[in-house]
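**Q** Structure below; questions to follow.
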Amino acid sequence: MTQKAEWTDRYDEQVASWMMTERKAPEGGDTGLPDYLGIRFVEVGPGHCVAELEVVEQLLNPFGAAHGAVLASLVDHVLGSAVLPIVPRGTWPATLEFKLNYMAPTRPGTLRATARVLSMSSRTAVVSVECDNDGRPVGTALGTVALTPPKTPG
């Protein structure tokens with residue numbers, strides 16, 4: 001596996017710009033759960049991305065904290081998103097697995113996830129994710145993303 005601090009030699013700025021502005025499915029529709037949760041990218045760079053969402057009342061459990069699936073969904077979303085601008089166009093990044101440590105309850109406010117590609121081969125990438133809730137650490141994750149290359153026409 002290739003290990004780099006920066007992935008600038010592979011970085012596709014147009015893909016990153018699309019992630020920051022368009023955020024729509026190729027058919028023009030919404031992106032499903034990310035749109036429902038209100039996930040938005042605040043930074044996309046070579047081998048990293050930052051996304052956040054607002055934890056609102058509808059996402060809380062009866063104890064006043066965000067359901068764990070909210071944090072897990074944000075982590076899952078940024079795992080593949082961190083690699084998208086550094087793989088060939090048409091490559092499908094799909095989460096194979098991730099381990100998530102919940103460190104504190106997530107309360108109403110901004111939930112932010114910062115993902116960094118640690119290692120990447122032609123078929124997989126390993127990505128770390130740090131999560132905070134209005135600046136307070138609430139979770140950390142490590143995941144593996146499958147990289148399915150684009151299909152050749154034929």
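The values are calculated or read from the model by the stated rules, or taken from the named source; none is laboratory data. Bear in mind the structure is a predicted one, so any value in this text is a computation, not a measurement. No Cβ is skipped: glycine too gets one built from the backbone with ideal geometry, and neighbour counts run over all protein chains shown.
Yes/no per residue for (1) surrounded by 19 or more Cβ atoms within 10 Å (Cβ to Cβ); (2) under 10 Å from the mean Cα position of the chain (by Cα); (3) more than 19 Å from E97 (Cα to Cα); (4) β-branched (V, I, T):
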| position | (1), (2), (3), (4) |
| --- | --- |
| E43 | no, no, yes, no |
| G47 | yes, no, no, no |
| E52 | yes, yes, yes, no |
| V55 | yes, no, yes, yes |
| L74 | yes, yes, no, no |
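**Q** Considering only residues that are among the hydroxyl-bearing types (S, T, Y) and farther than 18 Å from L53 by Cβ, look in the range 124-154 and name the one that is surrounded by the fewest Cβ atoms within 10 Å (Cβ to Cβ).
**A** Filtering the range 124-154 for residues that are among the hydroxyl-bearing types (S, T, Y) and farther than 18 Å from L53 by Cβ, the one surrounded by the fewest Cβ atoms within 10 Å (Cβ to Cβ) comes out as T152.
**Q** Does A51 meet the test of being at pLDDT 95 or above and either out of contact with any helix residue (DSSP H, G or I) (no Cβ under 6 Å at 6 or more places or on another chain) or in a helix (DSSP H, G or I) (or both)?
**A** no
**Q** Moving on to the next point. Condition first: in contact with a Lys or Arg (Cβ under 7 Å, 6 or more places away or on another chain) and either farther than 15 Å from T144 by Cα or not hydrophobic (A, V, I, L, M, F, W, C) (or both). Now tell me which residues in the range 65-83 satisfy that. I'd like the intermediate steps shown before the answer.
**A** Here is the first cut: in the range 65-83, the ones in contact with a Lys or Arg (Cβ under 7 Å, 6 or more places away or on another chain) are 65, 82.
A65 - this is the single residue of the range 65-83 that is in contact with a Lys or Arg (Cβ under 7 Å, 6 or more places away or on another chain) and either farther than 15 Å from T144 by Cα or not hydrophobic (A, V, I, L, M, F, W, C) (or both).
**Q** So, A113, is that one over 21 Å from P150 (Cα atoms), touching a helix residue (DSSP H, G or I) at 6+ places or on another chain (Cβ under 6 Å) and either among the acidic types (D, E) or at pLDDT 95 or above (or both) or not?
**A** Spelling it out, A113 is indeed over 21 Å from P150 (Cα atoms), touching a helix residue (DSSP H, G or I) at 6+ places or on another chain (Cβ under 6 Å) and either among the acidic types (D, E) or at pLDDT 95 or above (or both).
**Q** Within the bounds of the range 89-102, is there any residue that is at pLDDT 95 or above, surrounded by 15 or more Cβ atoms within 10 Å (Cβ to Cβ) and farther than 23 Å from R10 by Cβ?
**A** yes
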